[in-house]
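Quick note: the coordinates plus some simple rules give every number you see, no bench work behind them. None of the values given here were measured: they were computed from a predicted structure. Glycine also receives a Cβ, built like all others from the backbone with ideal geometry; neighbour counts cover every protein chain displayed.
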Amino acid sequence: MNRTVPRYYHVEVDADPERVGQVQRIVAAHLRYWGLEKLATPANRGLGLLMEAAGAGARTTVETWWTGQHLITAVSHQDAARPGRADADLACLSRIAALSDGWGSCTAHARRIVWFSLRSRNGDREPLAGKRPVPSTGASLQVPRIEVPTTGVALPQTAEAAS
């Protein structure tokens with residue numbers, strides 16, 4: 001599979017404990033299909049943390065994007081005020097920050113969205129753009145030549161020609 005082509009996958013599930021493992025296996029299968037086996041383990045760790053932080057029974061949306069150099073995984077759920085969960089949420093976010101290259105959180109349409117990104121390492125990186133095209137021999141330009149005017153105008157003489 002060509003890893004330079006952007007990819008996208010999403011699924012909506014309940015964040016029940018038995019569903020977390022199923023979603024992790026589904027996402028890992030997509031990453032293997034996309035040729036990103038090395039990113040599957042850290043992506044699944046972060047995905048599991050975010051789904052568990054959403055709370056059991058919460059309807060969550062899991063989205064995964066591959067940009068060609070970064071894998072971005074986001075989990076969104078209804079932003080319900082849950083007493084006593086602030087410390088657990090902070091612990092989850094600190095663990096996400098430790099295992100990812102970047103992360104963020106926002107609220108949109110009464111849903112809380114938490115995302116993290118994993119950068120492709122040197123062995124996984126492929127250029128997004130192709131190499132510079134090589135010009136064909138027919139497309140190359142000729143070096144400008146001095147042409148003798150046909151109107152009978154005399155050319156200026158150089159020092160060597162005058163002697």
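For residue 102, the residues 5 or more places off, or on other chains, whose built amide H falls under 5 Å of its own are 117. Applying the Karplus relation 6.51 cos²θ - 1.76 cosθ + 1.60 with θ = phi - 60° to segment 44-50 yields 3J(HN,Hα) values of 5, 4, x, 4, x, 4, 5 Hz, where x marks Gly and Pro. Length gained on full extension, residue 32 to residue 98: 21.4 nm, using 0.36 nm per residue less the C-alpha separation. Electrostatic tally near residue 101: other residues with Cβ closer than 12 Å to its Cβ, Lys and Arg +1, Asp and Glu -1, net +2.
Each peptide among 93-105, 41-53, 19-31 gets the average number of other Cβ atoms lying within 10 Å of its residues, and from highest to lowest they stand as 41-53, 19-31, 93-105. A cut-off under 11 angstrom between Cβ atoms defines the neighbours of residue 40, and their net charge, with Lys, Arg +1 and Asp, Glu -1, is +3. Take every pair of alpha-carbon atoms less than 8 Å apart whose residues are at least six positions apart; their mean separation over the length of segment 10-104 yields a relative contact order of 31 percent. Here the Karplus curve 6.51 cos²θ - 1.76 cosθ + 1.60, taken at θ = phi - 60°, turns the phi angles of segment 73-79 into couplings of 10, 10, 10, 10, 7, 4, 8 Hz, with x standing for Gly and Pro.
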